[in-house]
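J.: If you scroll down you'll find the structure; I have some questions about it.
The values are calculated or read from the model by the stated rules, or taken from the named source; none is laboratory data. Remember, it's a predicted structure, so these values are computed and weren't measured experimentally. Quick reminder, even Gly has a Cβ in these numbers, built from the backbone with ideal geometry, and neighbours come from all protein chains shown. Just the protein is used for accessible areas: all its heavy atoms, side chains included, with ligands, DNA and RNA removed. Shrake-Rupley method; radii C 1.70, N 1.55, O 1.52, S 1.80 Å.
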Amino acid sequence: MTLFEDLRFGARILTKRPWTTALMIALLAAGIGVNTTVVTLVNAVLIRGLPYEDSERILYVEGFNVERDDDLRTSLPDFLDWRDQTRSFESLAAFQQRQVNLADDEAAPLRANGAQITVNGFRVLRVEPILGRGFADEEGESGATPVLILGHSLWQERYGGHDDVIGQTIRLDEEERTIIGVMPPDFQFPMNEDLWTPLVESGDDDRDDRRLGVYGRLAATATPGEAETEMSLIGKRLQQQYPATNEDVEVVVLTFNENFNGGDIEAVFLAMLGAVGFVLLIACANVANIQLARAIDRAKEISIRTALGAGKWRIFRQLLVESLLLAFAGGGLGLALSWVGVRYFDQITADIRPYWIDFTFDASIFAYLMVICLTAGVLFGLAPALHAVKRDVNDSLKQGRGQTTGSKVRFFASSMVAGEVAMAMILLVGAGLMIQSFWNVYNVELGARTDGVLSVGVELPEAQYDDEVDRYAFHQRLLEAARALPGVIAAASSSNDPAQGARGTSIEIEGTVEEVPDQRPRERYIMVSPGLFDLFEAPIVQGRDFSSMDTPDSPQVVVVNRRFAEKYFPDESAIGKRIRGWDEDEDENAWAEIVGVVSDMRTSPNREMEPVVYRTFNQDAWAYRRLMLRAGGDAAALAPVVRETVASLDANLPVFGIHTLEERLSQSRWSQRLFGAIFTLFGLVALAMSVAGIYGLVSYSVGRRMSEFGIRMALGANSANIRKLIVSQGMWRVAIGIVIGLPLSYFAGQALESLLVGVSSTDPTMLIVVAVFLLSVAALACWVPARRAASVSPATALHHE
């Protein structure tokens, strides 16, 4: 009989029991579908590189501070030394991302994502403009004519895709630049940039001013390992030459995925990969048990075929073909489910992921699908097929349906159930930790009243507002105009909003001396205007708030939060003490007096309360601010009038990042919400599969032991005895699975530790709750068939075949 005939016969056998076949296909579709989805995401985020020619040879180079265990960007002098000394790279290029104000005669000014890039930057990637030209070498020198290159989407949306855009002059941060080119569609290197300007290699930058990202293309004969070794040696030479700035700075070579998607993101996707692997194993275990039961029920059929001359290999092949049919049917449906999952993930991450991460099915995904279907088919089909060919033909022909199965079969089935429970426990513990973490983030006490507050970004171009007096005057006019708007209760400004996080700085307390200056403590600092604490209803608990009397000409002052005061002045008042840290100068003017202590406010919902130093814009007039407006009604409704107000003060100044703080907080929680939901879904799928496996095994066992139960009842056993027997025999399998799952769940929780907020990865409460929950659900799955068996009369049970 040919393979085609095996396939046809297998399909006919499977369709004889359509509901059982549908159940197996559904189980496999769920397991294969979630696996294919997550592998597609992992392939895009962690494996597939930049979408350019020989992208595997484009590597990212960065500094690493071994003392602080911290990744660093690169200074211009370090980059120039790297480029001059390397032989492993064909060429090195550098970039600096920055947002810019774009103004022209076409439309209203806008805020755009831009990047300064060395003139060879596009050539290293081997990407050229589709219109105009790239940067010339001389355009990276000081004094060169200011030029820029547009991204394709900005060209289409703002300039209608017209070719005559080349040669036009526009203003970036009030500096006139000439458009010389347009990049191809979907090119937004390095992240999601809209335009590019030449990075001027002045060479007089501070070696400690680390603001550049560096990448390069390997030389034709070099390997990544050789490049890493060479760059490490170059880094050590710079440590010796410039100990003041480079003493603890090593040089590392990474892929772009390792740089942009390492750390927590990598941990999340690897945890998801492990989770879906468990889901697939549970699905295969369930299908294996069903197939084993079907093989036992088909024992007479198989024995007759054997007696008529069919060899063991022939029988084995037939049963394996049936399993593979199921696997590929499940794989086809799983692919459809995966397509839906990938599209959903693509939509919700469109605005936050790097442009070059593309969630699509490529040849590697389809190859993986084929392999996983084959593997799954063999996994759940092997044991039933081996059992069928090893059975004694005579015993099978004599055996009645009501006889029990052998001990090896029962052991295999029980082992599958115990394994399912163990894996379900691991997934449920992980899901529980993620849910609790999200709940903690969602309900975290910020220490600030954020409802009804609109946050608006404004940054003054230095070319126009190069003087602190001008910057201060503009922001004061804006604050006064904002406070006069109808519906505005209060207005103030800050360098950060409560969902954004805050910068860090090294600090020094007057009267203390650090043995190693570079090891001074680092704390958060935020710039604010007078009135911000009142706007957030954060009371001053000691001393005073900032006021209009604090000016650049008056002594420097700061306000610290309660956490800072308790940490550095636990037994005395912080008022009157002096600190410094944001100024490198070791002179008297760098010291600032603490004039107030404010209640604690979080710098981010994902961070614990921490010490914070507040400075005032009145003494350091930053160009960038976030304007905060507390509304008496709908805060979002203020957005149009705020735009008009800013335009009335400066028609070329765009506003950006307009959102209510509640919206911003919701966006900041999206990762916990998304991944918490994903892990919960995996856990519930695993639970449902495990419960189905327990129920199916107990039901099948009950069906084959009805004659035994009839004899027991005829000899005096009552219904309660039968129920107790069945439930206890089912629950010991579950208990074994939980015992196996407990230590594994503990280690799985530790693997998720970096993703958790406000919850311990080794919380014993979570382990106990999940174990009790699993026992309860499993008891119900055993109780239903036990109750059915106990309700059958002894006469009916004895006649059961």
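J.: Express in nm, to one decimal, how much length is gained between Ile711 and Val769 on full extension, taking 0.36 nm for each residue of separation and deducting their alpha carbon distance. Mind showing how you got there, number by number?
T.: On the way: separation 58, 0.36 × 58 = 20.88 nm, distance 3.97 nm.
Residue separation times 0.36 nm, minus the Cα-Cα distance, leaves 16.9 nm.
J.: Under unit Cβ charges (Lys, Arg +1; Asp, Glu -1), what dipole magnitude, rounded to 20 debye, does the chain have relative to its Cα centre?
T.: Computed about the Cα centre, the dipole is about 8420 debye.
J.: Do any GluC sites (Glu not before Pro) in segment 464-564 lie in a DSSP loop with no more than 14 other beta carbon atoms within 10 Å, and if so, which? Could the numbers behind the result be given before it?
T.: Working: sites: Glu468, Glu480, Glu508, Glu510, Glu514, Glu515, Glu523, Glu537; in loops: Glu510, Glu514, Glu515, Glu537.
Here the sparse-neighbourhood loop sites are Glu510, Glu514, Glu515, Glu537.
J.: Still on this structure, I have one more. Test of the criteria: in segment 405-496, which trypsin sites (Lys or Arg not before Pro) are in a DSSP loop and have at most 16 other Cβ atoms within 10 angstrom of their Cβ?
T.: Working: sites: Lys408, Arg410, Arg449, Arg471, Arg477, Arg483; in loops: Arg449.
Filter output for segment 405-496: Arg449.
J.: Over the chain, average the accessible area per residue using a 1.4 Å probe and give it in Å², no decimals. Write out the running numbers ahead of the final one.
T.: Values: 35700 Å² over 801 residues.
On a per-residue basis, 45 Å².
J.: Helix by helix through the chain, keep the DSSP H runs that span 24 Å or more along the axis on Cα and average at least -1.0 on Kyte-Doolittle, and give those back in order.
T.: Numbers: long enough: 18-42 (35 Å, 1.59); 224-241 (26 Å, -0.97); 264-297 (50 Å, 1.53); 312-348 (53 Å, 0.75); 363-390 (40 Å, 1.75); 407-442 (51 Å, 1.14); 670-704 (50 Å, 1.15); 719-751 (47 Å, 0.82); 764-790 (38 Å, 1.70).
Flagged H segments are 18-42, 224-241, 264-297, 312-348, 363-390, 407-442, 670-704, 719-751, 764-790.
J.: Obtain the nm distance between the two label points defined at Val541 and Glu462 by a simple spin-label model: each point lies 7 Å from its Cα along the Cα-to-C-beta direction.
T.: 3.8
J.: Using a/c under 1.5 as the rounded threshold, could you call segment 595-636 rounded, prolate or oblate? The axes a ≥ b ≥ c are square roots of the C-alpha gyration tensor eigenvalues, and prolate needs a/b larger than b/c, oblate otherwise. Mind dumping the intermediate values first?
T.: Values: a/c = 1.82, a/b = 1.13, b/c = 1.62.
Oblate, since a/c reaches 1.5 and b/c is not below a/b.
J.: What is the dipole size for segment 233-287, taken about its Cα centre, with +1 at each Lys and Arg Cβ and -1 at each Asp and Glu Cβ, in debye to the nearest 20?
T.: Values: 2 positive and 6 negative charges, 31 e Å.
Using only the charged Cβ atoms, the result is roughly 160 debye.
J.: Also: How much of the accessible area of the chain, in percent, comes from carbon and sulfur atoms when a 1.4 Å probe is used?
T.: On the way: 19820 of 35700 Å².
Ligands and nucleic acids excluded, carbon and sulfur reach 56 percent.
J.: Related question: Grab the Cα-Cα distance for Ala22 and Val469, subtract it from 0.36 nm times how many residues apart they are, and report the gain in nm with one decimal. Provide the component values of the computation, followed by the final result.
T.: Numbers: separation 447, 0.36 × 447 = 160.92 nm, distance 7.50 nm.
Residue separation times 0.36 nm, minus the Cα-Cα distance, leaves 153.4 nm.
J.: Then there is this: Between Gln156 and Glu201, what FRET efficiency comes out of the Förster formula 1/(1 + (r/R0)^6) with R0 = 30 Å and r the beta carbon distance, rounded to 0.05? Mind dumping the intermediate values first?
T.: Details: r = 32 Å, r/R0 = 1.06.
Calculated value: 0.40.
J.: Something else now. Of Val558, Val127, Pro109, which is farthest on the positive side of the dipole of the chain, counting Cα position, with +1 on Lys and Arg Cβ, -1 on Asp and Glu Cβ, and the Cα centre as origin?
T.: Val127
J.: Also, quick follow-up: Nearest-5 percent of antiparallel DSSP beta bridges in the chain? Show your work: numbers first, answer last.
T.: Details: 68 of 86 bridges.
In the chain, DSSP labels about 80 percent of beta bridges as antiparallel.
J.: For Rg/Rh (Cα atoms, Kirkwood Rh), which listed value, (i) 1.00; (ii) 1.07; (iii) 1.03, comes from the coordinates shown?
T.: Correct label, based on the coordinates given: (ii).
J.: Right, something else. Mind counting lysine pairs for me in the chain? Cα separation below 15 Å, and the two need to be 8 or more apart along the chain or on different chains.
T.: On the way: Lys300/Lys312; Lys300/Lys390; Lys300/Lys398; Lys312/Lys390; Lys390/Lys408; Lys567/Lys577.
Eligible lysine pairs with Cα atoms under 15 Å apart amount to 6.
J.: Please work out how much length the chain gains when fully extended from Leu80 to Ser719, using 0.36 nm per residue of separation minus the C-alpha to C-alpha distance, in nm with one decimal.
T.: So the chain would gain 221.5 nm between Leu80 and Ser719.
J.: Taking R0 as 25 Å, what's the FRET efficiency between Asn652 and Ala484 from their Cβ-Cβ distance, rounded to 0.05? Please report the intermediate quantities before stating the final value.
T.: On the way: r = 23 Å, r/R0 = 0.91.
The computed FRET efficiency comes out at 0.65.
J.: Can you figure out the FRET efficiency of Ser142 with Gln476, using R₀ = 45 Å and their beta-carbon distance, to the nearest 0.05? Display every interim value, and only then the final one.
T.: Working: r = 35 Å, r/R0 = 0.77.
It comes out at approximately 0.80.
J.: Oh, and also: I need the shape label for segment 117-174. Rule: rounded when a/c is under 1.5, else prolate if a/b > b/c, else oblate, with a, b, c from the alpha carbon gyration tensor.
T.: Details: a/c = 2.12, a/b = 1.27, b/c = 1.66.
The shape class here is oblate.
J.: Which value in nm describes the separation of the simple spin-label points at Asp451 and Glu106, placed 7 Å from the Cα toward the beta carbon?
T.: 4.3
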